[in-house]
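Data first, discussion second: the structure below is written as structure tokens.
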């Protein structure tokens, strides 16, 4: 495995490149995660494909600029990684925000994507393929409220790495059981700030810019331009939500070659 940094302009993107003679598979993690989230999946792909794991900007060991968090901009980062590695085409597997970035890559760089797996981007927030049932004015008020919450919430810092891990454990256990892989993922990205405090994950500036645009995304505009084979992977809860089922099937119809497969006992985005 090669541990590399790839430059896209003045931003360095960190990757793990598991070289192999087979076709390339690029893994894109969810927001707030990093490339270590894929460790349990790798044995199913190794010795069959060339595996490329990406720390998207603002995450893991990649640079953390205050801007550049539109999914189209992060897709350019992935394209830059492919160009650096001289990978002309690749299969893309994306989870949550990673699925959104993969969707952008497939729509805007169709020549680079052999196939796309979306474990996320299952619906837009608003519009004909959206989940919002009220008026646009009510939706705008909701989006503004969510952004204000991010603005007033300070970045989290901890006195030690262990304190950070313990706090994350308490948070994650509200949704799914904690395990050694979660701990491995969190410890991987811990860094010390200028005051000697410990932090991890996406900065407030990064979250704010990403979310400012997230509410305006109309993923149907991307799905309609996806020409490669597409696999949409909802978890059990999403597959039982009638509204999400409608949007997923709508996206399936928009794409050129798409299939929906429900993953039993799966909890988005943790698996």
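By the helix-only formula, in which each DSSP H run with n ≥ 4 contributes -39500 (n - 2.57) and the sum is divided by residues, the chain has a 222 nm mean residue ellipticity of -11000 deg cm²/dmol.
Just the Cα atoms of the stretch 1-85, one point each, no solvent: what log10 I(q)/I(0) does Debye give at q = 0.18, 0.24, 0.25 Å⁻¹? Log10 of I(q)/I(0), two decimals: -0.71, -1.21, -1.30. In this label model, residue 88 and residue 109 are separated by 1.5 nm, measuring between points 7 Å along each Cα→Cβ vector.
With neighbour counts taken as other beta-carbon atoms within 10 Å, the residues 84, 5, 69 rank, fewest first, as 5, 84, 69. Taking 0.36 nm per residue of sequence separation and removing the Cα-Cα distance, the residue 163/residue 261 pair yields an extension gain of 31.4 nm.
Our estimate of slack between residue 131 and residue 150, defined as 0.36 nm per intervening residue step minus the Cα-Cα distance, is 4.7 nm. Computed from the Cβ-Cβ distance with R0 of 30 Å, the FRET efficiency linking residue 141 to residue 236 stands at 0.40. Going from the fewest other Cβ atoms within 10 Å to the most, the residues 25, 165 appear in the order 165, 25.
The value given for the stretch 1-146 is a Kirkwood hydrodynamic radius of 16.0 Å, derived from the mean inverse Cα-Cα separation. Centre-to-centre separation between the Cα atoms of the stretch 1-73 and those of the stretch 175-223: 14 Å.
Working ranking of peptides 144-155, 91-102, 106-117 by packing, defined as the average number of other Cβ atoms within 10 Å per residue, highest first, is 91-102, 106-117, 144-155.
Across the chain, Cα pairs under 8 Å and at least six residues apart give a relative contact order of 20 percent. Counting neighbouring beta carbons within 10 Å and listing from fewest to most, the residues 56, 36 come out as 36, 56. Largest mean-square fluctuation among 21, 62, 104, in a Gaussian network model of the chain whose springs join Cα atoms under 10 Å apart, belongs to 21. Note: the stretch 182-271, Cα convex hull, 148 Å³ per residue.
A short reminder: the numbers here are calculations on the coordinates, not readings from a lab. Note that the structure is predicted; figures quoted are calculated from it, not measured. Cβ: placed from backbone, ideal geometry, glycine included. Neighbour counts: every protein chain shown.
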